[in-house]
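Since the structure comes first, as structure tokens, the remarks are kept for the end.
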Amino acid sequence: MNYSVAMPEGVGNRLRDHLSRADGQEDVCFALWNPSQGLSRLTALISDPILPGAGDRRVHGNASFASQYVERAIQLALAAGSGIAFLHSHPAPGWQGMSEDDVRAEELLAPTAMGATGLPLIGLTLGALDATWSGRFWIKTGPRKYERCWAQSVREVGDRYIVHFADQLLPPPRHRPSQVRTVASWGEVTQARLARLRVGVVGLGSVGSIVAEALARTGIQRITLIDYQLLEELNLDRTLNASPRDVGRPKVVVAEQALRNHATAQGFSAEAFVGSVCEEPGYKRALDCDLLFSCVDRPWARSVLNYIAYAHLIPIVDGGLHVSRTKQANLRGADWKAHVVGPSNRCMLCLEQYDPAFVEADRCGDLDDPRYLDSLPTDHPARANENVFAFSLAVASLEVLQCLMMVVTPAGIGPPGPQNYHMLTGLTDIGLTACRPDCVFSDLVAKGDTEPSGIGAHVAAEDVRRLLRNKEIQASSGIMHFLRRSRSFGRLLRLLGIRG
């Protein structure tokens with residue numbers, strides 16, 4: 001199991017303001033956290049700072065806390081159903097190690113936190129000179145025995161995306177000659193931060209296949225691909241790296257093989273999952289990622305990704321495309337958009353990227369039923385099938401640029417907000433950045449596994465996997481039949497005493 005820590009930008013700012021002292025002394029505080037359990041990674045989502053009151057702690061070069069402060073943190077954690085995090089600062093830069101006093105303090109707190117909440121103690125240290133966070137989990141390994149497990153990263157999610165990495169667990173990659181122009185654009189430090197993100201692409205169709213290619217060539221080391229659909233002939237005009245011989249193969253497998261050939265990062269790895277983000281295996285893989293691209297057009301998948309962005313603090317880069325035609329079937333115009341979804345940003349529901357009324361229809365499989373689709377108005381988004389490679393390329397480009405603005409932050413500036421490009425006028429307008437006052441997703445920030453996710457059985461994805469298994473069985477049977485009819489194979493079986 002790998003470990004990480006994440007917090008909303010606003011929470012990080014409050015904690016930094018308290019722990020970074022003008023007099024250069026260390027300070028302490030507590031916070032609440034909620035678990036986010038992926039397939040291979042457990043993330044602690046820091047949700048609520050518990051700042052000290054009068055008599056709660058004493059600052060004397062180092063800092064110490066009183067028992068009443070611990071008791072208050074426990075009471076708040078029990079009321080919220082959350083875990084406890086203990087934070088302190090060091091007047092130094094970078095990812096921080098631990099002194100003997102630091103270890104002793106957290107070792108004493110670990111049994112108390114686990115006994116009261118059933119969740120491990122999270123330790124966080126702020127390198128106050130450059131605002132770098134480091135983190136660790138105290139995992140119970142036996143009676144009264146706790147092991148310190150370092151987090152691979154600590155992430156702050158908001159207008160900008162700031163990630164602090166544990167170099168001993170995720171070393172900065174060595175840059176290769178194939179990356180010279182990329183590194184020259186924003187420097188080795190930024191490239192090292194960008195490359196170490198685990199990025200997921202959900203949907204490997206016309207937009208997702210281009211996004212995945214851009215990520216691999218930019219130097220991302222670890223990419224997760226999630227899609228359950230098989231490539232069809234009608235996809236060939238706009239799916240990058242697909243050829244006629246790929247028809248009938250999973251889109252993620254086609255993309256994975258291409259990325260392995262084109263990736264520029266040292267130690268590149270790609271995981272292809274034939275499935276949906278709406279079912280548990282795909283959902284868990286998404287929670288292992290640091291950042292996700294939403295390249296889907298179905299309401300159920302978008303609603304799940306929207307939930308992930310807020311409840312699990314994983315930024316989602318989303319986009320969309322609308323093509324309109326005249327009654328004579330000529331092109332009237334096209335518009336496309338891209339935006340970052342997550343805390344401090346407008347959610348997909350408020351951006352009207354999906355209709356909640358159709359989420360249940362999608363869950364039930366109605367949107368895969370031609371009879372149901374035929375009953376919808378001819379201009380309904382679920383029936384839209386107009387697209388060309390050039391439009392998909394434009395959407396993918398806008399999404400990748402939104403990602404780079406968020407992570408690279410040129411001139412210290414993050415994404416501008418939702419961007420909407422209008423082909424006819426050539427103009428791009430910037431949409432609203434805040435959700436509506438009554439938006440339910442604002443209340444889900446950093447809730448993690450404590451709230452229902454909306455996932456379930458995905459019939460269409462299960463049907464595809466069943467079809468693939470049957471193909472494998474048939475292929476294996478055909479090979480065995482051919483071998484059994486071969487004279488040399490028959491002689492070998494007889495020598496081994498096996499009846500053919």
Exercise. What are the residue pairs meeting all of these: first residue in region 267-285, first residue in a helix (DSSP H, G or I), second residue surrounded by fewer than 22 Cβ atoms within 10 Å (Cβ to Cβ) and modelled with pLDDT under 95, Cβ atoms under 7 Å, and 6 or more apart or on different chains?
Worked result: Y283/S453
Exercise. Restricting to region 220-234, what's the tally of residues that are free of Cβ contacts under 8 Å to residues at least 24 places away in the same chain and acidic (D, E)?
Worked result: 2
For this session: Working only within region 137-179, note down all residues that are basic (K, R) and closer than 15 Å to T125 by Cβ.
Result: R148
For this session: Looking at (1) farther than 22 Å from V277 by Cα; (2) part of a helix (DSSP H, G or I); (3) in contact with a helix residue (DSSP H, G or I) (Cβ under 6 Å, 6 or more places away or on another chain), find the lone condition where I210 falls short.
Result: (1)
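Okay, residues lined up against (1) crowded, with 16+ Cβ neighbours inside 10 Å; (2) among the small types (G, A, S); (3) at pLDDT below 95; (4) closer than 19 Å to R298 by Cα:
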residue: A329; (1), (2), (3), (4): no, yes, yes, no
residue: G333; (1), (2), (3), (4): no, yes, yes, no
residue: E352; (1), (2), (3), (4): no, no, yes, yes
residue: E360; (1), (2), (3), (4): no, no, yes, yes
residue: G365; (1), (2), (3), (4): no, yes, yes, yes
residue: P370; (1), (2), (3), (4): no, no, yes, yes
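This table checks each residue for (1) at pLDDT 95 or above; (2) surrounded by fewer than 17 Cβ atoms within 10 Å (Cβ to Cβ).
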position	(1), (2)
V395	yes, no
V400	yes, no
T409	no, no
G414	no, no
P418	yes, no
H422	yes, yes
L427	yes, yes
For this session: Spot the failing condition for P49; the list is (1) more than 30 Å from P281 (Cα to Cα); (2) free of Cβ contacts under 8 Å to residues at least 12 places away in the same chain; (3) not in a helix (DSSP H, G or I), and only one is missed.
Result: (2)
For this session: Check off (1) within 22 Å of the chain's Cα centre (by Cα); (2) at positive phi for G365 and give me the number that stays unchecked.
Result: (1)
Seminar exercise, completed: Apart from one, (1) assigned to a helix (DSSP H, G or I); (2) touching a residue at least 60 places away in the same chain (Cβ under 8 Å); (3) in contact with a helix residue (DSSP H, G or I) (Cβ under 8 Å, 6 or more places away or on another chain) all hold for P173; the odd one out is (1)
Exercise. H60: surrounded by fewer than 19 Cβ atoms within 10 Å (Cβ to Cβ) and either closer than 19 Å to V154 by Cβ or not assigned by TED's automatic domain parsing to the domain that holds L129 (or both), yes or no?
Worked result: no
Exercise. Would it be correct to say that G282 is touching a strand residue (DSSP E or B) at 6+ places or on another chain (Cβ under 6 Å), of a type outside the set (A, V, I, L, M) and either under 21 Å from G38 (Cα atoms) or not assigned by TED's automatic domain parsing to the domain that holds A446 (or both)?
Worked result: yes
Problem set entry | Top-ranked residue in region 235-258 [being touching a residue at least 12 places away in the same chain (Cβ under 8 Å), touching a Leu at 6+ places or on another chain (Cβ under 8 Å) and assigned to a helix (DSSP H, G or I); ranked as farthest from P172 (Cα to Cα)] | D246
Exercise. For region 131-158, how many residues meet the condition of being of a type in the set (D, E, K, R) and at pLDDT below 95?
Worked result: 2
Problem set entry | Meets criteria (assigned by TED's automatic domain parsing to the domain that holds C29, touching a Phe, Trp or Tyr at 6+ places or on another chain (Cβ under 7 Å) and not charged (D, E, K, R)) for A73 | yes
Exercise. Of all residues in region 306-347, which are part of a loop (DSSP other than H, G, I, E, B) and of a type in the set (S, T, Y)?
Worked result: T326, S344
Seminar exercise, completed: Looking across region 97-131 at residues that are polar (S, T, N, Q) and in contact with a helix residue (DSSP H, G or I) (Cβ under 8 Å, 6 or more places away or on another chain), the single one that is surrounded by the most Cβ atoms within 10 Å (Cβ to Cβ) is T125
Exercise. Going by the structure shown, is A116 of a type in the set (G, A, S), touching a residue at least 40 places away in the same chain (Cβ under 8 Å) and not in a strand (DSSP E or B)?
Worked result: yes
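The values are calculated or read from the model by the stated rules, or taken from the named source; none is laboratory data. All figures in this text were calculated on a predicted structure; none of them were measured in a lab. FYI the Cβ positions are ideal-geometry reconstructions off the backbone, even for glycines, and counts take in every protein chain you see.
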